[in-house]
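A.B. asks: Below are the structure tokens for one structure; questions will follow.
Readers should treat all values here as calculations from the given coordinates under stated rules, not as data from a laboratory. Every value quoted in this text rests on a predicted model; they were computed, and no experiment measured them. Cβ placement follows ideal geometry from the backbone for every residue including glycine, while neighbour counts extend to all protein chains displayed.
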Amino acid sequence: MPIDVIKSPAPNPASDHLETVTLRHATLADAPALALTGAATFLEAFTWMLPGPDILAHALKNHTADAYDRYLADPRTRATLAVTGSPAGLPNEPGSIVGYVLLCTPDLPSFDVLSTDIELKRIYLFSRFRAVPVLDRSGQPIPNLRPAQALMDAAVSDARTLGARRLLLGTHAGNLRAIAFYHRNGFIEAGTRTFQVGNQLCRDLIFARAL
Ligand SMILES: CC(C)(COP(=O)(O)OP(=O)(O)OC[C@H]1O[C@@H](n2cnc3c(N)ncnc32)[C@H](O)[C@@H]1OP(=O)(O)O)[C@@H](O)C(=O)NCCC(=O)NCCS
């Protein structure tokens with residue numbers, strides 16, 4: 001019996017510019033898209049770690065357009081988005097949100113939070129977009145800058161602009177890739193917390209970095 005060979009499509013230079021990101025601040029109008037991207041990146045990151053129903057319950061509860069509306073309406077919140085280029089052949093159409101970083105007033109109940117602290121609540125990128133070029137405002141690739149680092153740099157800059165003196169974040173103790181990224185960015189372990197995901201009580205590490 002003949003075997004069908006499925007060939008990979010040839011590289012398509014016309015769509016190469018899709019595989020780039022630019023950064024921009026989120027506005028209230030981004031809340032619905034951010035809710036979907038927030039849920040999707042959360043699912044991609046953590047489905048392997050926790051039971052499916054708990055992961056879904058967490059995403060459904062926390063990644064809603066209303067929740068992002070509330071964040072984006074708060075003057076102490078800043079969200080920066082990583083957005084792809086326009087789809088091939090449609091230069092006037094917007095790209096898609098493939099990552100984001102969210103800064104907000106700290107919500108770390110067990111931690112001794114200071115009034116000059118701010119929390120890096122979330123930083124997420126779809127895995128496909130973690131090593132693509134980051135373009136500047138004129139559309140040129142920024143040398144040696146990865147999207148995650150660009151998002152972190154934007155968050156640090158925004159946190160300083162908001163007058164914060166220390167950046168805090170909590171992450172699952174098993175999230176080794178994110179923890180390595182935080183260490184590279186000067187964060188040090190500062191405490192622990194428990195964090196509810198659906199019915200699962202997770203142990204998180206809290207990291208801090210001076211600004
Ligand atoms: C956390 C997150 C944003 C970090 O982004 P990242 O791209 O994975 O992190 P880095 O930019 O540090 O890159 C990591 C890898 O790239 C390498 N790298 C980093 N900078 C590089 C550079 N300039 N050139 C080449 N390689 C580089 C690192 O050595 C590392 O390699 P490895 O995969 O072989 O270990 C991303 O992993 C993510 O979205 N994770 C899922 C969501 C999540 O866990 N968020 C945090 C929840 S609190």
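A.B. asks: Looking at ALA82, ALA45, which one is over 24 Å from GLY198 (Cβ atoms) and within 13 Å of the ligand (Cβ to nearest atom)?
C.D. replies: ALA82
A.B. asks: Look at the stretch 165-185 and say how many of its residues are farther than 20 Å from PHE42 by Cβ and either without any contact (Cβ under 8 Å) to a residue 24 or more places away in the chain or in a helix (DSSP H, G or I) (or both).
C.D. replies: Of the residues in the stretch 165-185, 2 are farther than 20 Å from PHE42 by Cβ and either without any contact (Cβ under 8 Å) to a residue 24 or more places away in the chain or in a helix (DSSP H, G or I) (or both).
A.B. asks: Going residue by residue through the stretch 129-147, is there one that turns out to be of a type in the set (S, T, N, Q), on the phi > 0 side of the Ramachandran plot and surrounded by fewer than 19 Cβ atoms within 10 Å (Cβ to Cβ)?
C.D. replies: Among the residues of the stretch 129-147, at least one is of a type in the set (S, T, N, Q), on the phi > 0 side of the Ramachandran plot and surrounded by fewer than 19 Cβ atoms within 10 Å (Cβ to Cβ), which makes the answer yes.
A.B. asks: If GLY99 meets every condition in (1) buried (at least 21 other Cβ atoms within 10 Å of the Cβ); (2) more than 29 Å from THR47 (Cα to Cα) apart from one, which number is that one?
C.D. replies: Result: GLY99 fails condition (2) only.
A.B. asks: Oh, and also: With the requirement that a residue be buried (at least 19 other Cβ atoms within 10 Å of the Cβ) and part of a loop (DSSP other than H, G, I, E, B), what does the stretch 60-95 give you?
C.D. replies: Within the stretch 60-95, HIS63, THR77, GLY85 meet the criteria.
A.B. asks: Mind listing whichever residues of the stretch 112-145 are within 15 Å of the ligand (Cβ to nearest atom), assigned to a loop (DSSP other than H, G, I, E, B) and within 29 Å of ALA73 (Cα to Cα)?
C.D. replies: PHE126, ARG130
A.B. asks: Here's a follow-up. Quick check on the stretch 127-138. Is at least one of its residues out of contact with any Pro (no Cβ under 8 Å at 6 or more places or on another chain) and among the aromatic types (Phe, Trp, Tyr)?
C.D. replies: For the stretch 127-138, residues out of contact with any Pro (no Cβ under 8 Å at 6 or more places or on another chain) and among the aromatic types (Phe, Trp, Tyr): absent.
A.B. asks: Condition first: more than 16 Å from the ligand (Cβ to nearest atom) and within 14 Å of ASN199 (Cα to Cα). Now tell me which residues in the stretch 55-65 satisfy that.
C.D. replies: Within the stretch 55-65, LEU56, ALA57, LEU60, LYS61 meet the criteria.
A.B. asks: Looking at the stretch 190-211, which of its residues are under 16 Å from LEU120 (Cβ atoms), surrounded by 14 or more Cβ atoms within 10 Å (Cβ to Cβ) and in contact (Cβ under 8 Å) with a residue 40 or more places away in the chain?
C.D. replies: Once the filter is applied, which keeps residues that are under 16 Å from LEU120 (Cβ atoms), surrounded by 14 or more Cβ atoms within 10 Å (Cβ to Cβ) and in contact (Cβ under 8 Å) with a residue 40 or more places away in the chain, the stretch 190-211 yields ALA190, GLY191, ARG193, ILE206, ALA208, ARG209, LEU211.
A.B. asks: Oh, and also: From the list THR105, THR161, pick out the single residue that is surrounded by fewer than 20 Cβ atoms within 10 Å (Cβ to Cβ) and within 30 Å of MET49 (Cβ to Cβ).
C.D. replies: THR105
A.B. asks: Still on this structure, I have one more. In this structure, is GLY38 out of contact with any Asp or Glu (no Cβ under 7 Å at 6 or more places or on another chain), touching a residue at least 24 places away in the same chain (Cβ under 8 Å) and more than 28 Å from GLY191 (Cα to Cα)?
C.D. replies: It is false that GLY38 is out of contact with any Asp or Glu (no Cβ under 7 Å at 6 or more places or on another chain), touching a residue at least 24 places away in the same chain (Cβ under 8 Å) and more than 28 Å from GLY191 (Cα to Cα).
A.B. asks: Further question on the same structure: Restricting to the stretch 179-189, name every residue that is closer than 21 Å to PRO109 by Cβ, buried (at least 17 other Cβ atoms within 10 Å of the Cβ) and out of contact with any Lys or Arg (no Cβ under 6 Å at 6 or more places or on another chain).
C.D. replies: Passing the criteria: only TYR182.
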